[in-house]
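As structure tokens, the structure follows; a few thoughts come after it.
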Amino acid sequence: MRVLMSIGGPTVFTTDAPTSEIIVGTANGIAWLARAGGGWRETRRELGGKHVSNLVEDPETGRLFAGCHREGIFASDDGGLTWSHKDRGMEHLNVYSMSAVRGDDGVRLYAGTEPAHLYVSGDHGESWRELPSLREVPSVKDWMFPAPPNV
């Protein structure tokens, strides 16, 4: 089993055995790490030059998603070998967090952006729509990221 690591993605992974692959979202793309000897080594890197803030895997399709600062969402259906934009319907493309949730009606993907907007996809990331109620919270005008002093 592989584990996805990123600042704005899932934070807990449970495996039956030690993982042999870790995929890490970085400020310079996505790094694939594999067990080697007593440690880890980088085996490849994709989306170089893109600041990947989060990685999520669709639990039904296995599609990988990479949310990027200022560049929206990229998706891969072949384990990360090729990537394409999958942010149709999103007005804000500074993606800071993503999550995949399996429910009675299938998988829903969520993407949080800066400025603070929340988007949802019910079709495995093919299209997104905003959940406008987030913008109705009275303190929304005070939200910002990164936190002060905005460094």
> Looking only at the range 20-53, which residues are more than 30 Å from residue 93 (Cα to Cα) and of a type in the set (D, E, K, R)?
Replying inline: 35, 41
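Of the residues 38, 67, 72, which is over 19 Å from residue 127 (Cβ atoms) and either basic (Lys, Arg) or out of contact with any helix residue (DSSP H, G or I) (no Cβ under 6 Å at 6 or more places or on another chain) (or both)?
38
Can you tell me which residue is nearest to residue 27 (Cα to Cα) among those in the range 92-145 that are hydroxyl-bearing (Ser, Thr, Tyr) and in contact with a Lys or Arg (Cβ under 9 Å, 6 or more places away or on another chain)? Even if it seems obvious, please write down each step before you answer.
Here is the first cut: in the range 92-145, the ones hydroxyl-bearing (Ser, Thr, Tyr) are 96-97, 99, 110, 113, 119, 121, 127, 133, 139.
Filter once more, so that each one left must be in contact with a Lys or Arg (Cβ under 9 Å, 6 or more places away or on another chain): 99, 119, 121, 127.
Working: 99: 19, 119: 23, 121: 25, 127: 25 Å.
Of everything passing the filter in the range 92-145, 99 is nearest to residue 27 (Cα to Cα).
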> For the range 76-89, how many residues are open to solvent by less than 20 Å² (accessible area, probe 1.4 Å) and either in contact (Cβ under 8 Å) with a residue 60 or more places away in the chain or not in a loop (DSSP other than H, G, I, E, B) (or both)?
Replying inline: 1
> Here is a list of conditions, (1) modelled with pLDDT under 90; (2) closer than 29 Å to residue 91 by Cβ, and residue 17 meets all of them except one; can you say which number that is?
Replying inline: (2)
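For the structure I just gave you, tell me whether residue 100 is assigned to a strand (DSSP E or B), buried (at least 17 other Cβ atoms within 10 Å of the Cβ), of a type in the set (A, V, I, L, M) and modelled with pLDDT of 95 or more. Write out each step before concluding.
Values: assigned to a strand (DSSP E or B): yes; buried (at least 17 other Cβ atoms within 10 Å of the Cβ): yes; of a type in the set (A, V, I, L, M): yes; modelled with pLDDT of 95 or more: no.
No; evaluated as a whole, the condition is false for this residue.
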>> Looking only at the range 103-131, filter to residues that are closer than 10 Å to residue 90 by Cα and among the β-branched types (Val, Ile, Thr); which one of those is nearest to the chain's Cα centre (by Cα)?
In response: 113
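Return yes or no: is residue 116 open to solvent by less than 50 Å² (accessible area, probe 1.4 Å), under 15 Å from residue 6 (Cα atoms) and of a type in the set (Gly, Ala, Ser)?
no
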>> Pairs needed: first member in the range 90-109, more than 16 Å from residue 75 (Cα to Cα); second member anywhere, of a type in the set (Lys, Arg) and at pLDDT 90 or above; C-beta distance under 7 Å; at least 6 residues apart or different chains.
In response: 101/108
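Where in the range 1-75 are the strands (runs of 3 or more DSSP E), entirely inside, with at least 2 residues that are open to solvent by 50 Å² or more (accessible area, probe 1.4 Å)? Steps first, answer last, please.
Working: elements: 2-5, 21-26, 29-36, 39-46, 52-57, 64-68.
By residue number, 2-5, 39-46.
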> Residues in the range 122-138: is at least one open to solvent by 60 Å² or more (accessible area, probe 1.4 Å) and of a type in the set (Ser, Thr, Tyr)?
Replying inline: yes
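The values are calculated or read from the model by the stated rules, or taken from the named source; none is laboratory data. Computed from a predicted model, the values in this text were never measured in an experiment. Using ideal geometry, Cβ is built from the backbone for each residue, glycine included, and neighbour counts are taken over all protein chains shown. Accessible surface areas use protein heavy atoms only, side chains included; no ligands, DNA or RNA. Shrake-Rupley method; radii C 1.70, N 1.55, O 1.52, S 1.80 Å.
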